[in-house]
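Please read the structure below before turning to the comments.
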Amino acid sequence: MRTSNNVAERSCDVAVIGAGAAGLMAAIFAGREGASVLAIDGAPKIGAKILISGGGRCNLTHDEVRAADFHGNRNAIGKVLRSFDVAPTLEFFASIGITVEREEGGKLFPTSNRARDVIDALLAAAAEVGVEVVSGQKVLSCQRSDDGFLINETIRARRLVMATGGRSVPKTGSDGSGYALVRGLGHSVGETFAALVPLVTPAGHWTRSLSGTSIETELFVRSENGRVLHRERGSLLFTHFGLSGPVVLDISRHWIAEQPAALVASFLPDESFESLEASLLAEAKRNPHATLAGVLRRRVPDRLAVQLGSETRLGRLSREDRRVLIRGIVEQEIPIVQDRGFDYAEVTAGGVPLDEIELRTMASRRCDGLYLCGEILDVDGKIGGYNFQWA
Ligand code: FDA
């Protein structure tokens, strides 16, 4: 593989700015068409984000990927997904030596469970078709010239692929600097905010004392007038700062986008207020010694049962107290002071609007010879491999 960390004056058919998931794919496919390709990345090491993805295992894609798994212009997203969906993605990875295993729920991981193998295979595939990958070379300027583009005043390319990602985990190199570059080439960039991001509860809040506990939960984003705007169900993890886990990450972008709005949890997602009240009343009749904490212990982790329950016998609780407790189980409002920000967000919501892109080819509608792909665009997916599929 030809990699270097400096490029003096030179020219190529295609320059790819950003050698992350989207940029490496674009570079490989351009190289396979016979183009001379230079992929330039600002980070000292290529693939830092792939390496930390999926807890170091890289959740490559999902066995079923639909536009509904993404936020953004779903009509447009569907068109792009259909042009390269899960089947050709898996075929491509198999062709470069990466087979996958399906996990419960449909997530697909490399059989080796090693993100490192994914990066190595992509870099080898790039090298095979002569792609030159340059690390440690941040692109600071990029102008249209008579015959294409002039990059950092020294590199000439006939065509340009902008794959600089979003702003999440900037230490991997995705620091949002690509937005200024595409603006300079005539694109707009919609407001960006963290998505798939953990949420912080106030210091001293009970959620923090449960750090390490996880439970199947339904979360709601509720407007100030009490309307449920979004709901997600899945595993919630209490942490030393507040809330994380798949269900929290999935709902975080909605909580952020809908401010002012509240986050509400049901720790018994199969129960409604009414069904839980009826079963507690029946339990009190059956067993005069039953307490709410005791009943909860059978269904939620012990520490949560202690937090949400009461050691008073069910039959002795006043109607009002019983109802307050039930509400705390199926409609617990959890105060959130902030999200954990881009340092911890898995993706960036917002970006370049899809209506500025020719969806069949990902060519810019604003600048001849420019192409955009990956997270720089206004698309963010759920947890589960969807964001790599988009990239
Ligand atoms: P990406 O951010 O990967 O790459 C952009 C590249 O551009 C970077 O290498 C950067 O250095 C470079 N760059 C930026 N500006 C530049 C400039 N001015 N000059 C030169 N280079 C520049 N998704 C998924 O589907 N499954 C998963 O398991 C996970 N797990 C996961 C874990 C964590 C911790 C994070 C942070 C994210 C994930 N994701 C994920 C999301 C997924 O990693 C993400 O959506 C894709 O990597 C986006 O790919 P892109 O290539 O578009 O951007």
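Key figures for this structure:
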item	result
Given (1) more than 11 Å from the ligand (Cβ to nearest atom); (2) at pLDDT 95 or above; (3) assigned to a loop (DSSP other than H, G, I, E, B), number of the condition Lys138 does not satisfy	(1)
Looking only at the range 205-244, and only at residues there that are aliphatic (A, V, I, L, M) and in contact (Cβ under 8 Å) with a residue 40 or more places away in the chain, the one that is surrounded by the most Cβ atoms within 10 Å (Cβ to Cβ)	Leu243
Residue ID - farthest from Gly55 (Cα to Cα), chosen from residues in the range 374-389 that are more than 7 Å from the ligand (Cβ to nearest atom) and among the hydrophobic types (A, V, I, L, M, F, W, C)	Leu377
The range 346-368: number of residues that are surrounded by fewer than 19 Cβ atoms within 10 Å (Cβ to Cβ) and under 16 Å from Gly23 (Cα atoms)	2
Hits in the range 17-45 - residues which are surrounded by 24 or more Cβ atoms within 10 Å (Cβ to Cβ) and part of a loop (DSSP other than H, G, I, E, B)	Gly18, Ala19, Gly20, Asp41
Residue satisfying all of: in the range 33-50; closer than 20 Å to Gln389 by Cβ and of a type outside the set (Gly, Ala, Ser); farthest from the ligand (Cβ to nearest atom) among these	Ile50
Criterion: out of contact with any Leu (no Cβ under 6 Å at 6 or more places or on another chain) and farther than 30 Å from Val37 by Cβ - qualifying residue of Ser209, Ser244	Ser209
Test for Val161: is it in contact with a Ser or Thr (Cβ under 7 Å, 6 or more places away or on another chain), at pLDDT 95 or above, crowded, with 24+ Cβ neighbours inside 10 Å and in a strand (DSSP E or B)	no
Given (1) within 13 Å of the ligand (Cβ to nearest atom); (2) touching a Pro at 6+ places or on another chain (Cβ under 9 Å), number of the condition Glu101 does not satisfy	(1)
The range 164-179, subset near the ligand (Cβ under 8 Å from one of its atoms) and surrounded by fewer than 24 Cβ atoms within 10 Å (Cβ to Cβ), residue farthest from Val352 (Cα to Cα)	Thr172
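The values are calculated or read from the model by the stated rules, or taken from the named source; none is laboratory data. Computed from a prediction, not measured in an experiment: that's the story for all the values here. With ideal geometry, Cβ positions are generated from the backbone for all residues, glycine too; neighbour counts draw on all protein chains shown.
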